[in-house]
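Below is one structure, written out as structure tokens; comments come after it.
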Amino acid sequence: MLVLVAYDVNTEDPAGRMRLRRVAKACVNKGQRVQNSVFECLLDNAEYLRLKHELQLIIDSEKDSLRFYNLGNNYSGRIETLGRSSSYDPEGFLSL
């Protein structure tokens, strides 16, 4: 299934900047960055639950937020891009 992960991490202090780096690194390991704080992740249910748990342990729930959008397995017709787009195949190799 394709899951869109969006996050907003408060970076007003050094701890927040560290959380931001840790959240981004966790997301990079599981998906493709499509915007600064948005990743598309092709995951099975177990991977999704692990990523969600990992991110929940990183963030400060009083200051940060995470949003998960499950686009399912038939996601190709649900994504529309306007403007500059670096297109990629979610089922292909991840770029480093």
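Considering only residues of the range 28-48 that are out of contact with any helix residue (DSSP H, G or I) (no Cβ under 6 Å at 6 or more places or on another chain) and of a type in the set (A, V, I, L, M, F, W, C), which is modelled with the lowest pLDDT?
Restricting attention to the range 28-48, the residues satisfying the condition of being out of contact with any helix residue (DSSP H, G or I) (no Cβ under 6 Å at 6 or more places or on another chain) are 28-29, 31-38, 40-48.
Those still in the list that are of a type in the set (A, V, I, L, M, F, W, C) too: 28, 34, 38, 41-43, 46.
Numbers: V28: 95, V34: 91, V38: 96, C41: 95, L42: 94, L43: 95, A46: 97.
My answer is V34.
Only one of (1) of a type in the set (D, E); (2) under 26 Å from T11 (Cα atoms); (3) part of a helix (DSSP H, G or I) fails for E40. Which number is that?
Exception for E40: condition (3).
Would you check if L42 is surrounded by 11 or more Cβ atoms within 10 Å (Cβ to Cβ) and either closer than 16 Å to M18 by Cα or in contact (Cβ under 8 Å) with a residue 40 or more places away in the chain (or both)? Let's see the steps before the verdict.
Values: surrounded by 11 or more Cβ atoms within 10 Å (Cβ to Cβ): yes; either closer than 16 Å to M18 by Cα or in contact (Cβ under 8 Å) with a residue 40 or more places away in the chain (or both): yes.
Considered against the rule, which asks whether it is surrounded by 11 or more Cβ atoms within 10 Å (Cβ to Cβ) and either closer than 16 Å to M18 by Cα or in contact (Cβ under 8 Å) with a residue 40 or more places away in the chain (or both), L42 comes out as yes.
Does the range 2-11 contain any residue that is modelled with pLDDT of 95 or more, touching a helix residue (DSSP H, G or I) at 6+ places or on another chain (Cβ under 7 Å) and surrounded by fewer than 16 Cβ atoms within 10 Å (Cβ to Cβ)?
Looking through the range 2-11, at least one residue is modelled with pLDDT of 95 or more, touching a helix residue (DSSP H, G or I) at 6+ places or on another chain (Cβ under 7 Å) and surrounded by fewer than 16 Cβ atoms within 10 Å (Cβ to Cβ).
Select, from R17, R78, R67, R33, the only residue that is without any contact (Cβ under 8 Å) to a residue 12 or more places away in the chain and either buried (at least 16 other Cβ atoms within 10 Å of the Cβ) or within 15 Å of the chain's Cα centre (by Cα) (or both).
R33
Give the residues of the range 17-69 that are closer than 20 Å to I79 by Cβ and polar (S, T, N, Q), sorted by residue number.
Q32, Q35, N36, S37
Consider the range 2-11. How many of its residues are over 10 Å from the mean Cα position of the chain (by Cα) and under 15 Å from S61 (Cα atoms)?
Within the range 2-11, residues that are over 10 Å from the mean Cα position of the chain (by Cα) and under 15 Å from S61 (Cα atoms) number 4.
Hey, could you check the range 51-64 for residues that are touching a Gly at 6+ places or on another chain (Cβ under 9 Å) and of a type in the set (D, E) and say which is surrounded by the most Cβ atoms within 10 Å (Cβ to Cβ)?
Here is the first cut: in the range 51-64, the ones touching a Gly at 6+ places or on another chain (Cβ under 9 Å) are 51, 60, 63-64.
Checking the rest, the ones that are also of a type in the set (D, E) come to 60, 64.
On the way: D60: 11, D64: 18.
Among them, the one singled out is D64.
Each row is one residue, and each column tells you yes or no for (1) at pLDDT below 95; (2) touching a helix residue (DSSP H, G or I) at 6+ places or on another chain (Cβ under 9 Å).
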{"residue": "P14", "(1), (2)": "no, no"}
{"residue": "V23", "(1), (2)": "no, yes"}
{"residue": "A26", "(1), (2)": "no, yes"}
{"residue": "R50", "(1), (2)": "no, no"}
{"residue": "N70", "(1), (2)": "yes, yes"}
{"residue": "N73", "(1), (2)": "yes, no"}
{"residue": "Y88", "(1), (2)": "yes, no"}
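Look at the range 43-78 and say how many of its residues are charged (D, E, K, R) and in a loop (DSSP other than H, G, I, E, B). Before the answer, list the steps.
Going through the range 43-78, the residues charged (D, E, K, R) turn out to be 44, 47, 50, 52, 54, 60, 62-64, 67, 78.
Filter once more, so that each one left must be in a loop (DSSP other than H, G, I, E, B): 44, 60, 62-64.
Result for the range 43-78: 5.
The values are calculated or read from the model by the stated rules, or taken from the named source; none is laboratory data. No experiment lies behind these values; they were computed from the predicted model shown. Cβ coordinates were reconstructed from backbone atoms using ideal geometry, including for glycine residues, and neighbour counts include every protein chain displayed.
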